[in-house]
1. Probe radius 1.4 Å, ligands and nucleic acids ignored: give me the carbon and sulfur share of the accessible area of the chain as a rounded percent.
2. Using all Cα-Cα distances in the stretch 161-276, what percent lands in each 5 angstrom bin from 0 up to the longest?
3. Round to the nearest 10 and give me the degree value, 0 to 90, for the angle of helix 21-32's Cα axis relative to the longest principal axis of the chain.
4. For the chain, report the accessible area per residue in Å² (1.4 Å probe, heavy atoms, rounded to an integer).
5. Kindly identify the stretch 22-115 as rounded, prolate or oblate by the Cα gyration tensor criterion: order the square roots of the eigenvalues as a ≥ b ≥ c, call it rounded if a/c is under 1.5, otherwise compare a/b with b/c, prolate if a/b is larger, else oblate.
6. Alpha carbon centre of the stretch 123-167 versus the stretch 262-276: separation in Å?
7. What is the helix-to-structure angle for 255-268, meaning the angle in degrees between its Cα long axis and the longest Cα principal axis of the chain, kept from 0 to 90 and rounded to the nearest 10?
8. Which of the peptides 26-36, 53-63 is most tightly packed, and how do the rest follow, judged by the mean count of other Cβ atoms within 10 Å per residue?
Amino acid sequence: MNGSGARPGSALRVAVVGAGGAGMKIVEALDAGIPGCELAAVSVRSRETAPERFAHLGRPVPVLAISELEPVADVVVECAPAALFRAIAEPVLRAGKMVVALSAGAILSNGDLVELARAAGGRIVVPTGALVGLDAVAAAAEGTIRSVRMVTRKPVRGLAGAPYLLEHGIRVEEITEPLMVFKGTARQAATGFPANLNVAVALSLAGIGPDRTELEIWADPALERNCHTIEVDADSARFSMSIENVPSENPKTGRITALSVIACLRKLAAPLRVGT
(Lines give C-alpha, C1' and ligand atoms only; values in the text may rest on other atoms or scores of the structure.)
Protein backbone atom coordinates (compact mmCIF):
# COMPACT_ATOMS: atom_id res chain seq x y z
CA MET A 1 0.00 0.00 0.00
CA ASN A 2 1.07 3.62 -0.52
CA GLY A 3 -0.45 5.01 2.67
CA SER A 4 -3.60 6.23 0.96
CA GLY A 5 -4.94 3.05 -0.60
CA ALA A 6 -5.52 4.84 -3.90
CA ARG A 7 -5.67 3.03 -7.22
CA PRO A 8 -2.85 4.21 -9.53
CA GLY A 9 -3.97 6.99 -11.86
CA SER A 10 -7.30 7.56 -10.12
CA ALA A 11 -8.56 10.36 -7.89
CA LEU A 12 -8.27 9.86 -4.15
CA ARG A 13 -11.64 9.06 -2.61
CA VAL A 14 -11.97 11.30 0.46
CA ALA A 15 -14.46 10.83 3.29
CA VAL A 16 -15.01 13.48 5.97
CA VAL A 17 -16.17 12.72 9.51
CA GLY A 18 -17.87 15.70 11.11
CA ALA A 19 -19.58 18.70 9.54
CA GLY A 20 -19.00 21.42 12.09
CA GLY A 21 -17.09 24.62 11.40
CA ALA A 22 -14.04 22.82 9.99
CA GLY A 23 -15.68 19.72 8.52
CA MET A 24 -18.27 21.57 6.46
CA LYS A 25 -15.62 23.85 4.90
CA ILE A 26 -13.62 20.77 3.87
CA VAL A 27 -16.72 19.07 2.45
CA GLU A 28 -17.59 22.20 0.46
CA ALA A 29 -14.03 22.51 -0.90
CA LEU A 30 -14.06 18.88 -2.03
CA ASP A 31 -17.47 19.38 -3.62
CA ALA A 32 -16.19 22.46 -5.46
CA GLY A 33 -13.19 20.48 -6.66
CA ILE A 34 -9.70 19.70 -5.36
CA PRO A 35 -7.46 18.27 -8.11
CA GLY A 36 -6.71 14.61 -7.53
CA CYS A 37 -9.44 14.20 -4.90
CA GLU A 38 -13.14 13.43 -4.93
CA LEU A 39 -15.70 13.58 -2.13
CA ALA A 40 -16.71 9.97 -1.46
CA ALA A 41 -18.81 10.18 1.72
CA VAL A 42 -19.50 12.07 4.90
CA SER A 43 -20.33 10.88 8.39
CA VAL A 44 -22.21 13.06 10.85
CA ARG A 45 -23.79 12.61 14.26
CA SER A 46 -27.35 13.16 13.04
CA ARG A 47 -28.02 11.35 9.78
CA GLU A 48 -31.67 12.45 9.90
CA THR A 49 -30.82 16.12 9.30
CA ALA A 50 -27.96 15.40 6.87
CA PRO A 51 -29.99 15.76 3.63
CA GLU A 52 -30.94 19.30 4.58
CA ARG A 53 -27.41 20.21 5.75
CA PHE A 54 -25.81 19.03 2.50
CA ALA A 55 -28.55 20.13 0.13
CA HIS A 56 -26.48 23.09 -1.07
CA LEU A 57 -23.69 20.88 -2.44
CA GLY A 58 -23.28 20.57 -6.18
CA ARG A 59 -23.56 16.78 -6.08
CA PRO A 60 -25.31 14.40 -3.69
CA VAL A 61 -22.95 12.83 -1.16
CA PRO A 62 -23.51 9.52 0.65
CA VAL A 63 -24.00 9.90 4.40
CA LEU A 64 -22.58 6.82 6.09
CA ALA A 65 -21.82 5.50 9.54
CA ILE A 66 -18.19 5.65 10.66
CA SER A 67 -17.94 1.87 10.32
CA GLU A 68 -18.94 2.10 6.65
CA LEU A 69 -16.29 4.57 5.51
CA GLU A 70 -13.18 2.44 4.98
CA PRO A 71 -14.44 0.43 1.95
CA VAL A 72 -15.44 3.58 0.03
CA ALA A 73 -12.52 5.90 0.89
CA ASP A 74 -8.77 6.11 0.36
CA VAL A 75 -8.42 9.02 2.79
CA VAL A 76 -10.57 9.78 5.83
CA VAL A 77 -10.48 13.30 7.27
CA GLU A 78 -11.27 13.27 10.99
CA CYS A 79 -13.02 16.43 12.26
CA ALA A 80 -14.80 14.77 15.17
CA PRO A 81 -14.63 14.72 18.97
CA ALA A 82 -11.42 13.13 20.22
CA ALA A 83 -13.36 10.28 21.82
CA LEU A 84 -14.24 9.00 18.33
CA PHE A 85 -10.69 9.04 16.99
CA ARG A 86 -9.96 5.35 17.47
CA ALA A 87 -13.23 4.17 15.92
CA ILE A 88 -12.54 6.36 12.89
CA ALA A 89 -8.83 5.68 12.44
CA GLU A 90 -8.33 2.00 13.26
CA PRO A 91 -10.16 0.37 10.32
CA VAL A 92 -8.70 2.88 7.87
CA LEU A 93 -5.13 2.32 9.04
CA ARG A 94 -5.60 -1.45 9.18
CA ALA A 95 -6.47 -1.30 5.48
CA GLY A 96 -3.24 0.56 4.74
CA LYS A 97 -4.96 3.86 4.05
CA MET A 98 -4.62 7.44 5.28
CA VAL A 99 -6.22 9.34 8.15
CA VAL A 100 -5.92 13.13 8.22
CA ALA A 101 -6.36 13.86 11.92
CA LEU A 102 -7.47 17.10 13.53
CA SER A 103 -7.70 15.48 16.98
CA ALA A 104 -3.93 15.33 17.36
CA GLY A 105 -4.26 14.99 21.12
CA ALA A 106 -6.01 11.64 20.70
CA ILE A 107 -2.89 10.21 19.08
CA LEU A 108 -1.11 10.33 22.44
CA SER A 109 -3.69 8.05 24.07
CA ASN A 110 -3.84 5.77 21.03
CA GLY A 111 -0.16 5.32 20.33
CA ASP A 112 -0.63 1.74 19.19
CA LEU A 113 -2.38 3.08 16.09
CA VAL A 114 0.96 4.47 14.92
CA GLU A 115 2.39 0.97 15.12
CA LEU A 116 -0.66 -0.39 13.31
CA ALA A 117 -0.14 2.16 10.53
CA ARG A 118 3.52 1.18 10.25
CA ALA A 119 2.71 -2.51 10.02
CA ALA A 120 -0.17 -2.13 7.56
CA GLY A 121 1.30 0.61 5.37
CA GLY A 122 -1.18 3.23 6.53
CA ARG A 123 -0.48 6.84 7.44
CA ILE A 124 -1.65 9.33 10.04
CA VAL A 125 -1.24 12.89 8.77
CA VAL A 126 -1.54 15.82 11.19
CA PRO A 127 -2.02 19.00 9.14
CA THR A 128 -0.42 22.26 10.20
CA GLY A 129 -3.78 23.47 11.47
CA ALA A 130 -3.71 26.51 13.71
CA LEU A 131 0.07 26.60 14.08
CA VAL A 132 2.61 28.35 11.92
CA GLY A 133 6.14 26.99 11.64
CA LEU A 134 5.72 23.22 12.07
CA ASP A 135 8.06 22.68 9.12
CA ALA A 136 10.77 24.67 10.89
CA VAL A 137 10.30 22.69 14.10
CA ALA A 138 10.41 19.37 12.21
CA ALA A 139 13.60 20.46 10.45
CA ALA A 140 15.22 21.51 13.73
CA ALA A 141 14.30 18.12 15.22
CA GLU A 142 16.62 16.45 12.69
CA GLY A 143 19.35 18.04 14.81
CA THR A 144 19.06 18.73 18.53
CA ILE A 145 16.27 20.82 20.04
CA ARG A 146 17.06 21.97 23.56
CA SER A 147 13.66 23.42 24.43
CA VAL A 148 10.23 24.24 23.05
CA ARG A 149 7.94 26.61 24.91
CA MET A 150 4.45 27.63 23.85
CA VAL A 151 2.11 30.24 25.31
CA THR A 152 -1.52 30.09 24.22
CA ARG A 153 -3.97 32.90 24.91
CA LYS A 154 -7.63 32.26 24.19
CA PRO A 155 -10.96 34.05 24.55
CA VAL A 156 -12.63 32.65 27.64
CA ARG A 157 -15.54 31.16 25.66
CA GLY A 158 -13.07 29.04 23.71
CA LEU A 159 -12.08 27.23 26.93
CA ALA A 160 -15.58 26.59 28.24
CA GLY A 161 -16.15 22.99 29.28
CA ALA A 162 -12.49 21.96 29.37
CA PRO A 163 -12.09 19.03 31.83
CA TYR A 164 -9.06 20.62 33.51
CA LEU A 165 -11.03 23.77 34.35
CA LEU A 166 -13.98 21.79 35.65
CA GLU A 167 -11.72 19.63 37.83
CA HIS A 168 -10.04 22.68 39.32
CA GLY A 169 -13.21 24.71 39.82
CA ILE A 170 -12.24 27.42 37.35
CA ARG A 171 -15.38 29.11 35.98
CA VAL A 172 -14.65 30.90 32.71
CA GLU A 173 -17.66 33.16 33.08
CA GLU A 174 -16.08 34.62 36.23
CA ILE A 175 -12.75 35.51 34.58
CA THR A 176 -12.57 39.30 34.22
CA GLU A 177 -8.85 39.77 33.45
CA PRO A 178 -6.10 37.64 31.83
CA LEU A 179 -5.58 34.50 33.92
CA MET A 180 -3.06 31.69 33.46
CA VAL A 181 -5.26 28.62 33.86
CA PHE A 182 -2.65 25.96 33.06
CA LYS A 183 1.10 25.41 33.09
CA GLY A 184 2.59 22.04 32.25
CA THR A 185 3.44 19.74 29.37
CA ALA A 186 1.71 19.17 26.05
CA ARG A 187 0.72 15.68 27.20
CA GLN A 188 -0.97 17.07 30.29
CA ALA A 189 -2.72 19.70 28.20
CA ALA A 190 -4.02 17.09 25.77
CA THR A 191 -5.78 15.38 28.66
CA GLY A 192 -7.10 18.50 30.34
CA PHE A 193 -8.08 20.42 27.19
CA PRO A 194 -8.94 17.76 24.55
CA ALA A 195 -10.95 20.13 22.35
CA ASN A 196 -8.58 23.09 22.60
CA LEU A 197 -4.94 22.11 22.46
CA ASN A 198 -4.47 19.85 19.45
CA VAL A 199 -2.14 22.59 18.25
CA ALA A 200 0.22 21.99 21.19
CA VAL A 201 0.26 18.24 20.57
CA ALA A 202 1.05 18.79 16.89
CA LEU A 203 3.95 21.02 17.94
CA SER A 204 5.23 18.37 20.33
CA LEU A 205 5.02 15.59 17.75
CA ALA A 206 6.97 17.71 15.26
CA GLY A 207 9.63 18.53 17.85
CA ILE A 208 10.83 17.00 21.13
CA GLY A 209 7.74 15.12 22.23
CA PRO A 210 4.76 15.78 24.49
CA ASP A 211 6.63 15.37 27.78
CA ARG A 212 9.32 17.98 27.03
CA THR A 213 7.19 20.58 25.28
CA GLU A 214 6.32 23.27 27.84
CA LEU A 215 2.98 25.03 27.68
CA GLU A 216 1.08 27.88 29.31
CA ILE A 217 -2.62 28.51 28.69
CA TRP A 218 -4.14 31.90 29.41
CA ALA A 219 -7.82 32.82 29.38
CA ASP A 220 -8.28 36.44 28.33
CA PRO A 221 -11.77 38.02 28.23
CA ALA A 222 -10.47 40.87 26.06
CA LEU A 223 -9.41 38.58 23.20
CA GLU A 224 -11.41 37.72 20.09
CA ARG A 225 -8.73 35.50 18.54
CA ASN A 226 -6.75 32.43 19.59
CA CYS A 227 -3.13 33.56 20.00
CA HIS A 228 -0.14 31.23 20.05
CA THR A 229 3.52 32.12 20.62
CA ILE A 230 6.24 29.48 20.28
CA GLU A 231 9.91 29.73 21.20
CA VAL A 232 12.35 27.07 20.00
CA ASP A 233 16.01 26.74 21.00
CA ALA A 234 17.97 24.25 18.87
CA ASP A 235 21.52 23.63 17.78
CA SER A 236 20.59 24.70 14.23
CA ALA A 237 18.57 27.82 15.04
CA ARG A 238 16.79 29.79 17.69
CA PHE A 239 13.43 31.10 16.55
CA SER A 240 10.05 32.32 17.74
CA MET A 241 6.68 32.34 16.01
CA SER A 242 3.37 34.03 16.74
CA ILE A 243 -0.05 33.62 15.18
CA GLU A 244 -3.50 35.05 15.89
CA ASN A 245 -6.21 32.74 14.61
CA VAL A 246 -9.73 33.93 13.83
CA PRO A 247 -12.19 31.48 15.45
CA SER A 248 -14.62 29.56 13.25
CA GLU A 249 -18.30 29.05 14.10
CA ASN A 250 -16.91 26.79 16.83
CA PRO A 251 -14.91 29.08 19.16
CA LYS A 252 -12.58 26.17 20.00
CA THR A 253 -11.43 25.87 16.37
CA GLY A 254 -9.71 28.49 14.21
CA ARG A 255 -10.82 29.16 10.63
CA ILE A 256 -7.35 28.34 9.39
CA THR A 257 -7.69 24.74 10.63
CA ALA A 258 -10.06 23.76 7.82
CA LEU A 259 -7.93 25.65 5.29
CA SER A 260 -4.85 23.72 6.39
CA VAL A 261 -6.64 20.41 5.70
CA ILE A 262 -7.70 21.66 2.26
CA ALA A 263 -4.08 22.65 1.55
CA CYS A 264 -2.96 19.21 2.75
CA LEU A 265 -5.39 17.48 0.38
CA ARG A 266 -4.19 19.62 -2.53
CA LYS A 267 -0.62 18.51 -1.84
CA LEU A 268 -1.48 14.80 -2.02
CA ALA A 269 -1.72 14.80 -5.81
CA ALA A 270 0.11 18.04 -6.66
CA PRO A 271 3.01 17.91 -9.17
CA LEU A 272 4.80 20.57 -7.09
CA ARG A 273 4.79 20.41 -3.31
CA VAL A 274 6.14 23.30 -1.23
CA GLY A 275 6.93 22.49 2.39
CA THR A 276 7.77 19.23 4.09
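1. Details: 6950 of 13020 Å².
That share works out to 53 percent.
2. The calculated distribution, bin by bin, is 2, 9, 17, 21, 20, 15, 9, 4, 2, 1, 0.
3. 30 degrees
4. On the way: 13020 Å² over 276 residues.
Averaged over the residues of the chain, the accessible area is 47 Å².
5. Working: a/c = 1.92, a/b = 1.62, b/c = 1.18.
Taking the square roots of the gyration eigenvalues as a ≥ b ≥ c, the stretch 22-115 is prolate.
6. 22 Å
7. Here the helix axis deviates by roughly 50 degrees.
8. On the way: 26-36: 17.9, 53-63: 13.2.
Per-residue Cβ counts within 10 Å, averaged per peptide and sorted highest first, yield 26-36, 53-63.
The values are calculated or read from the model by the stated rules, or taken from the named source; none is laboratory data. The shown structure was predicted, so the numbers you read here are calculated from the model rather than taken from an experiment. Positions of Cβ are backbone-derived with ideal geometry, glycine not excepted, and every protein chain shown enters the neighbour counts. For accessibility, only protein heavy atoms count, side chains too; no ligands or nucleic acids. Shrake-Rupley method; radii C 1.70, N 1.55, O 1.52, S 1.80 Å.
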